[in-house]
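The values are calculated or read from the model by the stated rules, or taken from the named source; none is laboratory data. All of these numbers come straight from a predicted model, not from anything done at the bench. FYI the Cβ positions are ideal-geometry reconstructions off the backbone, even for glycines, and counts take in every protein chain you see.
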Amino acid sequence: MRFVYPEFLWAFAALSVPVVIHLFNFRRYKTLYFSSLKFIKKVDQETRSTKNLKHLLVLAARLLMISSLILAFAQPYIPVKDQLNGGKNVVCIYLDNSFSMTAKGTEGELISEARETARKIIERSPDNVLFMVCSNLLNGIEKRLVSKVEALSYLDKVEPIGLRREIPQVIEWQKVALQQAEKQETRIGTVQHVILSDFQKNSSGLSKLKSDSSAYYYPIVYSPQEFSNLYIDTLWFSNPVRKPGQLSELNFRVVNEGSEDLTNVEVSIRIGDLVKDVFVDIPSNNHTDSRISYTEKKTGQFNGTITVNDKQLFWDDEFYFSYSIDKSCQVLVINEENESHNIKSILDLESYYVTKEKSVNEITLNDFSNVDLVILNGLNDPSSGVVSMLDEFTGGGGSVFLIPGPKPDYVSWNSLSQKLRLPLITGISENGNKIRTITYKDPFFKGMFDKEKADISMNVFKKTFNVNPSNSSSINLIELQSGKPLFVKSSHSGTSYLLCSSLDETFGSFTSNSLFPSIILRAGELSKRQSPLYVTIGEETVYPIYNKSKTERPVQLKGEKSEFIPKNDLRGSVHTISLSGTEAMETLKAGIFEIIDDTRIGFISVNNDRRESKVELFNQNEVSEAFENADIPNVSVKLVAEGQSSVDIDLEKPFEYWRLFVIFALIFLLTEIALLKFWK
């Protein structure tokens, strides 16, 4: 047995007061004279014995009453588990505040029900218990051991965020925090872990639980009214290139996580001034892809939103995206003595391309600024400086189109090819040089041909280069009759293209064939650097900023209600930002933000991770089995399916005796009164 307030035990010294009063209670006696004392002596002896017994009983009742009051104030108790160190009992409460907890329960959102459950547990706990109340933030504030009042106050500050935590991760974090508290001279006694969550299958991590027999665990499972959700999962454009006056086709995916088929679900699309409504049918536990088509009428940056109405979860009903349509594509053509004059004339056919030509001996790093595509036109021996500049250019997301001269230096060319993950040139082939197949399904050729021919047999080359693709990550876009590649691409950092032939007349007449201008123009279209349509909060992805000013001020994001400075970095010549990490997940809300340094650079659309949208939850039995399989013996799992008020949740707390001693004090007081009043 232990005492909450052992200092009150000093009050036992007060028991000496009634004892002293009893022993030294001198009375004045009145003398009476009788003729015979024989009978009186007998009566006096009997009366004195009775009075002594009465006095002793009254004294005992007083002593017991005072002792009971002293013990009641000292608050004796027996702990849940007897600890030798006599430390403070701690209740660690984890309140899952991920977006899935915003689902509707019987008595409001699940997070509200969990908050009220935590409030009841705190209020019913003994006054001497310390609390650690934490959410998915797991920050320095939440690792503190606090009193009842502070714990209740912090509950009201826990709001839903897009940050998910695995249960074992939370428990381990709590244990480390308790160890740190003990190092700061806070002796820890019994530890009880209360876990308030809906236990999502894809984020709970119950299979990672570790054995623990030293603490008590109380997983409380919250179940929504409906196991369903309707949300926008992703979107994409069918055509990789968007120009003014061109038809764009926007695709989007709607997911139905419910057990019922849905028909005529309204999906609203807003892109700038364009507003369209689409009605889709979605099978149960499945998804539907749909699309809208519209014509891009002007240049500039456009922000869009796709919205679906759901009755269960609301945080994933909107999907934001942004894109830009530029007036032109900047192309740099680097020429040498064996250059082909056809390239610039082809690009000049469309006003969309702004072409600049430079001799390889005149090229500088500044020439690559704001360029989308670089074409090496007939180079035989690219210098190490050119190789280095092209490597940095592609590292920043730029695209290159390599066309060797008729007498290439294999060493210098292969040095460039290795950096761009392209095949190595090994020699010249004069046989089997007819064009046999085109990879029509590759996005490079999408929409280029009216008909797809299985066997082309186009004889336009006399000679081609033999290449070794073993160390490359390239894709063959056009193959020769010999099975060797003619035109390949590699998508390492930026996109790189290699024509495995020269445009010199000794190699053939490819420049006079309609396929040649087609691939030049398509390479230019696909080389226009585009920022991602959207970014997911918390993902390890980077967002390139191609038009950042030269100021050293970091890029920041500005929304309607908040501002945020993301991680800023420089990759090659391109500035990038990242929205990964817990700070972004704590601060950012889904929406459209301005990208700002000294001025507004553009817009970025930010969306929440859709993994929280899945409503696959562990049930009560599965949670219990997970803790048992992890060899955690002290577990009590409860289910909250009909509202938190319908479930009485009490922790296995210390057995307290103070109320019992108060009752004993009243009994002994009444006993004393009865002895004094009725024992004559």
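Summary of computed values
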| quantity | calculated |
| --- | --- |
| Strands (runs of 3 or more DSSP E) lying entirely in segment 376-443 (those with 3 or more residues that are surrounded by fewer than 16 Cβ atoms within 10 Å (Cβ to Cβ) and more than 45 Å from the chain's Cα centre (by Cα)) | 424-429 |
| R27 vs. criteria basic (K, R) and either surrounded by fewer than 10 Cβ atoms within 10 Å (Cβ to Cβ) or modelled with pLDDT of 65 or more (or both) | yes |
| Residue, nearest to E185 (Cα to Cα), within segment 111-144, restricted to residues that are among the aliphatic types (A, V, I, L, M) and not in a loop (DSSP other than H, G, I, E, B) | L130 |
| Number of positions in segment 145-170 that are assigned to a loop (DSSP other than H, G, I, E, B), closer than 17 Å to Q192 by Cβ and touching a residue at least 60 places away in the same chain (Cβ under 8 Å) | 0 |
| Selection count where residues are of a type in the set (G, A, S) and farther than 24 Å from E642 by Cβ, scope segment 209-231 | 4 |
| Candidate set: segment 444-453, residues that are of a type outside the set (D, E), within 47 Å of the chain's Cα centre (by Cα) and part of a loop (DSSP other than H, G, I, E, B); chosen: the one farthest from S496 (Cα to Cα) | K451 |
| Tally, over segment 311-325, of residues that are part of a loop (DSSP other than H, G, I, E, B) and within 22 Å of the chain's Cα centre (by Cα) | 6 |
| Verdict on F314 being closer than 30 Å to R291 by Cα, outside the structural domain of L499 (by TED's automatic domain parsing) and crowded, with 17+ Cβ neighbours inside 10 Å | no |
| Every residue from segment 240-269 that is under 27 Å from the mean Cα position of the chain (by Cα), loosely packed, with under 14 Cβ neighbours inside 10 Å and under 30 Å from Y352 (Cα atoms) | N251 |
| Residues located in segment 525-547, provided they are charged (D, E, K, R) and assigned to a loop (DSSP other than H, G, I, E, B) | K528, R529, E539, E540 |
| Among residues of segment 515-558, those that are under 20 Å from G300 (Cβ atoms), surrounded by fewer than 20 Cβ atoms within 10 Å (Cβ to Cβ), under 22 Å from the mean Cα position of the chain (by Cα) and of a type outside the set (A, V, I, L, M, F, W, C), counted | 4 |
| Hits in segment 525-547 - residues which are farther than 26 Å from D348 by Cβ and in contact (Cβ under 8 Å) with a residue 40 or more places away in the chain | S531, L533, Y534, V535, T536, I537, G538, E539, E540, Y543, P544, I545 |
| In segment 576-586, residue nearest to K561 (Cα to Cα) [restricted to those that are surrounded by fewer than 17 Cβ atoms within 10 Å (Cβ to Cβ) and without any contact (Cβ under 8 Å) to a residue 40 or more places away in the chain] | E583 |
| Looking only at segment 594-641, and only at residues there that are polar (S, T, N, Q) and over 19 Å from the mean Cα position of the chain (by Cα), the one that is farthest from V535 (Cα to Cα) | N634 |
| K561 being outside any helix (DSSP H, G or I) and surrounded by fewer than 13 Cβ atoms within 10 Å (Cβ to Cβ) | yes |
| Of the criteria (1) touching a Phe, Trp or Tyr at 6+ places or on another chain (Cβ under 8 Å); (2) part of a loop (DSSP other than H, G, I, E, B); (3) at pLDDT 80 or above, which one A626 fails | (2) |
| Some residue of segment 217-229 being surrounded by 16 or more Cβ atoms within 10 Å (Cβ to Cβ) and under 20 Å from the mean Cα position of the chain (by Cα) | yes |
| Breaking point among (1) touching a Pro at 6+ places or on another chain (Cβ under 9 Å); (2) surrounded by 17 or more Cβ atoms within 10 Å (Cβ to Cβ), for N342 | (2) |
| Residue satisfying all of: in segment 216-245; hydroxyl-bearing (S, T, Y) and not in a loop (DSSP other than H, G, I, E, B); nearest to P443 (Cα to Cα) among these | T234 |
| Top-ranked residue of segment 183-215 - restricted to ones that are over 25 Å from S98 (Cα atoms) and without any contact (Cβ under 8 Å) to a residue 40 or more places away in the chain, ranked as surrounded by the most Cβ atoms within 10 Å (Cβ to Cβ) | S214 |
| Residue check for K201: over 30 Å from N251 (Cα atoms) and basic (K, R) | no |
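Rundown of residues vs (1) touching a residue at least 24 places away in the same chain (Cβ under 8 Å); (2) in a strand (DSSP E or B), yes/no style:
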residue: S472; (1), (2): yes, no
residue: N476; (1), (2): yes, yes
residue: E479; (1), (2): yes, yes
residue: L486; (1), (2): yes, yes
residue: H492; (1), (2): yes, no
residue: T506; (1), (2): yes, no
residue: A523; (1), (2): yes, no
residue: S549; (1), (2): yes, no
residue: E552; (1), (2): no, no
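Per-residue answers, yes or no, for (1) touching a Pro at 6+ places or on another chain (Cβ under 7 Å); (2) not charged (D, E, K, R):
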site: A215; (1), (2): no, yes
site: Y218; (1), (2): no, yes
site: E226; (1), (2): no, no
site: I232; (1), (2): no, yes
site: P240; (1), (2): yes, yes
site: G245; (1), (2): no, yes
site: V254; (1), (2): no, yes
site: G258; (1), (2): no, yes
site: I271; (1), (2): no, yes
